[in-house]
Amino acid sequence: MAQKHLFLVSYILDNQPQSTEIESEAETLSVDQAHAHIAALHSAQKPANITDVQVTRILHPKEPGTTPGHYQQP
């Protein structure tokens, strides 16, 4: 089974900041690939309305069900 890599993609859609996580088997994700993925998520929007796409690889995704201790109530 191929290892999955997680990327945080930040972008502007109609002047509103947005972000999404994209999982990929590839070790890199280009801005063009991320833009195509975002365009598919927002298919009702024109691709030209999606600007300022930035891709950041998430090296250590948090484990499901874990929360930093200072956020937990006693």
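The numbers here are math on the coordinates, done by the rules we state, and not lab data. From a predicted model like this one, the values you see are computed outputs, not experimental measurements. Note: ideal-geometry Cβ built from the backbone for every residue, glycine included; neighbour counts use all protein chains shown.
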Review point. So, by mean Cβ neighbours within 10 angstrom, what's the order for 6-18, 40-52 with the highest one leading?
Key: 6-18, 40-52
Study note, to complete from the structure: Expected unfolding gain across L13-H42 under the 0.36 nm per residue rule, minus the alpha-carbon gap, is 9.5 nm
Study note, to complete from the structure: If amide H atoms are modeled at 1.01 Å from N in the peptide plane, then the residues at a separation of 5 or more from H42, or on another chain, having amide H under 5 Å from its own are none
**Study point:** Cβ-based net charge around R57, under 14 Å, with every Lys or Arg adding one and every Asp or Glu removing one
**Key:** -3
